[in-house]
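The values are calculated or read from the model by the stated rules, or taken from the named source; none is laboratory data. Just so it is clear, the model here is predicted, and its values are computed rather than measured. Ideal geometry is used to build each Cβ from the backbone, glycine not excepted, and the neighbour counts take in all protein chains shown. Ligands, DNA and RNA are stripped out before the accessible areas are found, and what is left, the full protein with its side chains, is counted by its heavy atoms. Shrake-Rupley method; radii C 1.70, N 1.55, O 1.52, S 1.80 Å.
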Amino acid sequence: MSQQLDAETETTTQTIRESLNQALHEELERDERVLLYGEDVAEYGGLYKISEGLYEEFGEERVFDTPLAETSLGGTAVGAALAGARPVVEIMYADFLPIAGDHLINYAAKMYFNYGDETSVPMVVRSMYGTGDGHGLHHGQSPEAWFMNVPGLKVVMPSTPREYKGLLKGAIRDDDPVIFLENKMRYGESGPVPDEEYTISLCESDVKREGTDATIVAIGGMVYEALEAAERLSEQGIECEIVDPRTISPLDTGPILESVEKTNILVTAQEAPTFGGFGSEVAAQVIDDAFFYLDAPVKRVGAPFTPIPFAENLEEAYQPTADDIESAVIDAIET
Amino acid sequence: MVHETINHTELLEDLLLTRRFEEKVLEVYQDRGIRELPHSSLGQEAVGVGACYPLEDDDLLAPSLRTRAAMLLRTPVEEIVAGMYGTESGPSSGRTTEHHMGSSEYGILGTTGMIGSHLNPAVGAALGNRTLDNDRVTVVFFGDGASQRGEFHSALNFATVQELPVVFVIENNQWTEAMSIDKLVDVDDLADLAGHGLPTEIVDGQDVEAMVEATAEAADRARSGDGPTLLEAKTYRYRPHAETMPEHRDEATLEAWKDRDPVEMYIDRLLERDQITEAEIESIDEQLQTTIDDAFDMAESDELPDEETLYHVYKDTEIDHWKGVAK
Ligand SMILES: Cc1ncc(C[n+]2csc(CCOP(=O)(O)OP(=O)(O)O)c2C)c(N)n1
Ligand SMILES: [Mg+2]
């Protein structure tokens, strides 16, 4: 299902940062059970200023700063959700998610399965990933593959301002535990966002660009790189279709399969190391369900199997970009 | 009195080195940038300097991101600076930042960007050293923020029941990024968080001699098999959490702390006791400044690392780093 804005929708051009702030604001206003807490989210307004003004508006019962304790952030969110609240916690950098990992993987993900009734864990963990700022090995890892192997968790990685807003609202209203991943290098990216209230449901892939010659399945910040690669390829007469799953798990493979059936070429793009990553799962799903439509081996674009390096040139070598996507598409087509 | 056993020229050199280094970092960062985002230790230098002073050369240090003194007193200055620039001559040739450096050669336990995640590894290092039957002591530095984690309690407890040779040093600068400790912990002294049957001591972190004395005692206890000690050093940072963040703390409080500047306090005391002359201080300072300036000049003209440097992931197995598979 494509989610292009129709021409009549009134929109405002705004950043991802503003969109997230609006989403939090609207949900805090709409539902008194929604809580927002984490390190530096209240008085400071979030390290990257995502929650600016919310503490002032909603007060410290609803929006508050916490001790430096990710275990508590994960564990208390599970408990609050089981008791009926709708907690949104910020675990600053995604590299810190493993500290709360026990609560996310062993608790949040499994309580709906474990309970004898309809009790679930409606919590959202917001966290940042993204390379390119010289923050080195512990402040930029893309963690989607760590969590997509956990049944019961939902993993969301939006790309555009419109989706950041709609999906965060969708995640807060969703009854399952959601890990909501924000690319810290893209907070300033801007685009049209509907003026009217809207939400976007989880687990629906979206076609970001239509094309007939190759399918690029890109996630998070890599959607921008894919769009850039597609523009360049278009100048060379190659029209790429870009599918943005938006929710990594549970994955909506429909639009991916449909696209591959049309283009017969598949390239995946992610920031995390390629081995054992999201692209590998997409490739396997396509091989399962659309193998005979493929004209060439699947190409996966991602990082090498190393930690994120610090030195400028090493980080550049590490980070996958539009160039890598462009050559992967050409390679696949020329095979 | 401990000050009678201190070599004051050396201790002052350590303190001034750290101070001048941090000043230079700020100056260069503001002027033309440095790849590693500075998290300045200005104002807190006496904690690390004093705690390192009474240690043996092979004692192990586990610094926090702000314990610049620990890095500087163990590592050649030019290596530290190259580490901040991410150039070839840095501790890991640019693979990681100087903040996170680890070096067996210099006795620095590899550190982490996860605040407080180094506490249990530091306790483990003490366990390792006990297993190897040497008498190395491990000194682990961390902030008030780290003391809010469960890691803090589990590390203290493990070290205490195992009577391991560890000295825990809280650098309590009273701020966890932009959050004041008052909102995060309901005790006045973090030493009161400890429990676990472990001896604690509150130390004036602006007084380098007090830090030397407290750490010397704690290290002796550890070395003689009597187990760990927790020192809470009360201190304050002069700069915001990181150089990208605005100053939002109360100005009067900051000024009051600056009135008890660790470098000035120590110098005044030495002059008063006739343990050093103004001329001697000046000559130490000049020499240090040259060393530091040279180190920055070297880093600025140093080469970026070779791409091969990245491929340092597994020690025992060769892999294809792009495909992620064994060769
Ligand atoms: C596990 C973890 N949580 C959060 C952060 C983000 N962060 C970096 S430094 C810092 C504050 C640390 O405060 P403290 O331990 O008092 O050390 P100080 O910065 O004051 O030296 C925070 C919250 C982090 N790096 N690691
Ligand atoms: Mg602190």
- Message: Quick check on my filter: what residues within region B:260-300 are crowded, with 17+ Cβ neighbours inside 10 Å and not in a helix (DSSP H, G or I)?
- Response: B:Asp261, B:Ile276
- Item | Residue match in region B:79-93 (condition: closer than 25 Å to B:Asp220 by Cβ, touching a residue at least 40 places away in the same chain (Cβ under 8 Å) and not in a helix (DSSP H, G or I)) | no
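Could you look through region B:203-229, keep only residues that are within 16 Å of ligand 2 (Cβ to nearest atom) and touching a strand residue (DSSP E or B) at 6+ places or on another chain (Cβ under 6 Å), and pick out the one that is farthest from the other protein chains (Cβ to nearest Cβ)? Before the answer, list the steps.
From region B:203-229, those within 16 Å of ligand 2 (Cβ to nearest atom) are B:203, B:205-206; that's our starting set.
Subset that is touching a strand residue (DSSP E or B) at 6+ places or on another chain (Cβ under 6 Å): B:203, B:205.
On the way: B:Val203: 22, B:Gly205: 20 Å.
Filtering region B:203-229 for residues that are within 16 Å of ligand 2 (Cβ to nearest atom) and touching a strand residue (DSSP E or B) at 6+ places or on another chain (Cβ under 6 Å), the one farthest from the other protein chains (Cβ to nearest Cβ) comes out as B:Val203.
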- Residue list for region A:255-288, filter: part of a helix (DSSP H, G or I) and not hydrophobic (A, V, I, L, M, F, W, C): A:Pro255, A:Glu258, A:Ser259, A:Glu261, A:Lys262, A:Thr263, A:Gly279, A:Ser280, A:Glu281, A:Gln285, A:Asp288
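Just to be sure before I move on: is A:Tyr93 open to solvent by 10 Å² or more (accessible area, probe 1.4 Å), at pLDDT 95 or above and not assigned by TED's automatic domain parsing to the domain that holds A:Gly220 in the structure I sent?
Details: open to solvent by 10 Å² or more (accessible area, probe 1.4 Å): yes; at pLDDT 95 or above: yes; not assigned by TED's automatic domain parsing to the domain that holds A:Gly220: yes.
When the stated conditions are applied, A:Tyr93 passes them.
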- Which residues, counting only those in region A:49-78, are away from every other protein chain (no Cβ under 14 Å) and surrounded by fewer than 17 Cβ atoms within 10 Å (Cβ to Cβ)? A:Gly53, A:Glu56, A:Glu57, A:Gly59, A:Glu61
- Complete set of residues in region B:142-170 that are over 24 Å from A:Leu73 (Cα atoms) and within 16 Å of ligand 2 (Cβ to nearest atom): B:Phe168, B:Val169
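Restricting attention to region B:86-107, does a residue exist that is within 16 Å of ligand 2 (Cβ to nearest atom) and under 23 Å from B:Ala159 (Cβ atoms)? Please lay out each step first, then the result.
Keep residues of region B:86-107 that are within 16 Å of ligand 2 (Cβ to nearest atom), which gives B:99.
Add one more test, that the residue is under 23 Å from B:Ala159 (Cβ atoms), and what stays is none.
Taking every residue of region B:86-107 in turn, none turns out to be within 16 Å of ligand 2 (Cβ to nearest atom) and under 23 Å from B:Ala159 (Cβ atoms).
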- Tell me the helices (runs of 4 or more DSSP H) entirely within region A:1-120 that contain at least 3 residues that are in contact (Cβ under 8 Å) with a residue 40 or more places away in the chain. A:16-30, A:70-82
- Which one is nearest to the other protein chains (Cβ to nearest Cβ) among residues in region B:140-159 that are away from ligand 1 (no atom under 15 Å from the Cβ) and buried (at least 21 other Cβ atoms within 10 Å of the Cβ)? B:Leu156
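Mind telling me which of the residues B:Glu232, B:Glu243, B:Glu217 ends up being surrounded by fewer than 21 Cβ atoms within 10 Å (Cβ to Cβ) and either in a strand (DSSP E or B) or within 13 Å of ligand 1 (Cβ to nearest atom) (or both)? Break it down stepwise before answering.
Numbers: B:Glu232 fails: surrounded by fewer than 21 Cβ atoms within 10 Å (Cβ to Cβ); B:Glu217 fails: either in a strand (DSSP E or B) or within 13 Å of ligand 1 (Cβ to nearest atom) (or both).
B:Glu243 is the lone residue from the list that is surrounded by fewer than 21 Cβ atoms within 10 Å (Cβ to Cβ) and either in a strand (DSSP E or B) or within 13 Å of ligand 1 (Cβ to nearest atom) (or both).
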- Identify the residue in region B:160-180 that is closer than 21 Å to B:Ala126 by Cα and in a loop (DSSP other than H, G, I, E, B) and, among all such residues, is farthest from ligand 1 (Cβ to nearest atom). B:Glu163
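Criterion first (open to solvent by 10 Å² or more (accessible area, probe 1.4 Å), modelled with pLDDT under 95 and not aromatic (Phe, Trp, Tyr)) does B:Arg20 satisfy it?
Numbers: open to solvent by 10 Å² or more (accessible area, probe 1.4 Å): yes; modelled with pLDDT under 95: no; not aromatic (Phe, Trp, Tyr): yes.
No, not satisfied.
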- Query: Quick one: what pairs do we get from region B:169-182, first residue over 23 Å from A:Lys49 (Cβ atoms) and open to solvent by 20 Å² or more (accessible area, probe 1.4 Å), second more than 6 Å from ligand 2 (Cβ to nearest atom) and of a type in the set (A, V, I, L, M), C-beta under 6 Å, 6+ apart or different chains?
  - Reply: B:Gln174/B:Ile181
- Just checking, how many residues over region A:121-180 are more than 15 Å from A:Glu90 (Cβ to Cβ), part of a helix (DSSP H, G or I) and out of contact with any Lys or Arg (no Cβ under 7 Å at 6 or more places or on another chain)? 15
- Message: Condition first: at the interface with chain A (Cβ under 8 Å from one of its Cβ atoms) and within 22 Å of B:Glu78 (Cβ to Cβ). Now tell me which residues in region B:280-311 satisfy that.
- Response: B:Leu304, B:Pro305, B:Thr309
- All positions within region A:239-254 that are in contact (Cβ under 8 Å) with a residue 40 or more places away in the chain, open to solvent by 10 Å² or more (accessible area, probe 1.4 Å) and either in contact with a Lys or Arg (Cβ under 9 Å, 6 or more places away or on another chain) or in a loop (DSSP other than H, G, I, E, B) (or both): A:Ser249, A:Pro250, A:Leu251, A:Asp252, A:Thr253
- Message: Take the residues in region A:289-306 that are outside any loop (DSSP other than H, G, I, E, B) and small (Gly, Ala, Ser); name whichever of them is farthest from B:Leu310 (Cα to Cα).
- Response: A:Ala290
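Among B:Gly86, B:Gly90, B:Gly94, which is the only one that is touching a Pro at 6+ places or on another chain (Cβ under 7 Å), within 14 Å of chain A (Cβ to nearest Cβ) and under 24 Å from B:Asp293 (Cβ atoms)? Talk me through it step by step, then tell me what you get.
Details: B:Gly86 fails: touching a Pro at 6+ places or on another chain (Cβ under 7 Å); B:Gly90 fails: touching a Pro at 6+ places or on another chain (Cβ under 7 Å).
Result of the check over B:Gly86, B:Gly90, B:Gly94: B:Gly94.
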- Message: Conditions first: (1) surrounded by fewer than 24 Cβ atoms within 10 Å (Cβ to Cβ); (2) within 14 Å of chain B (Cβ to nearest Cβ). A:Asp295 passes all but one, so which condition is the exception?
- Response: (2)
- Note on the structure: Of (1) in contact with a Ser or Thr (Cβ under 8 Å, 6 or more places away or on another chain); (2) polar (S, T, N, Q); (3) away from chain B (no Cβ under 13 Å), A:Gln22 fails just (1)
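Residue under question is B:Arg130, and the condition is that it be in contact (Cβ under 8 Å) with a residue 60 or more places away in the chain and of a type in the set (D, E, K, R); does it hold?
On the way: in contact (Cβ under 8 Å) with a residue 60 or more places away in the chain: no; of a type in the set (D, E, K, R): yes.
For B:Arg130, the condition - in contact (Cβ under 8 Å) with a residue 60 or more places away in the chain and of a type in the set (D, E, K, R) - is not met.
Taking the condition of being more than 16 Å from the chain's Cα centre (by Cα) and part of a loop (DSSP other than H, G, I, E, B), how many residues in region B:59-78 meet it?
Total meeting the criteria: 0.
Hey, can you tell me all the residues within region B:185-206 that are open to solvent by less than 40 Å² (accessible area, probe 1.4 Å) and under 19 Å from B:Arg149 (Cα atoms)?
We begin by selecting, within region B:185-206, every residue open to solvent by less than 40 Å² (accessible area, probe 1.4 Å); these are B:185, B:190-191, B:194, B:198, B:203, B:205-206.
Those that are open to solvent by less than 40 Å² (accessible area, probe 1.4 Å) and under 19 Å from B:Arg149 (Cα atoms): B:Val185, B:Leu190, B:Ala191, B:Ala194, B:Leu198.
If we keep just the residues of region A:260-275 that are over 18 Å from A:Thr131 (Cβ atoms) and within 21 Å of the chain's Cα centre (by Cα), which is nearest to the other protein chains (Cβ to nearest Cβ)?
So in region A:260-275, the residues over 18 Å from A:Thr131 (Cβ atoms) come out as A:260-267.
This time we only want the ones that are within 21 Å of the chain's Cα centre (by Cα), so: A:266-267.
Details: A:Leu266: 18, A:Val267: 16 Å.
Within region A:260-275, the match that is nearest to the other protein chains (Cβ to nearest Cβ) is A:Val267.
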- Query: Is there a residue being of a type in the set (Val, Ile, Thr), touching a strand residue (DSSP E or B) at 6+ places or on another chain (Cβ under 8 Å) and away from chain B (no Cβ under 14 Å) anywhere in region A:307-328?
  - Reply: yes
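Return the residues of region B:154-163 that are in contact with a strand residue (DSSP E or B) (Cβ under 8 Å, 6 or more places away or on another chain) and not small (Gly, Ala, Ser); say none if nothing qualifies.
Initially, region B:154-163 is screened for residues in contact with a strand residue (DSSP E or B) (Cβ under 8 Å, 6 or more places away or on another chain), giving B:155-156, B:159.
If the condition is that a residue be in contact with a strand residue (DSSP E or B) (Cβ under 8 Å, 6 or more places away or on another chain) and not small (Gly, Ala, Ser), then B:Leu156 is the only one that fits.
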- Message: Filter region B:23-50 down to the residues that are more than 16 Å from ligand 2 (Cβ to nearest atom) and open to solvent by less than 10 Å² (accessible area, probe 1.4 Å) and list them by number.
- Response: B:Val25, B:Val28, B:Glu36, B:Val49, B:Gly50
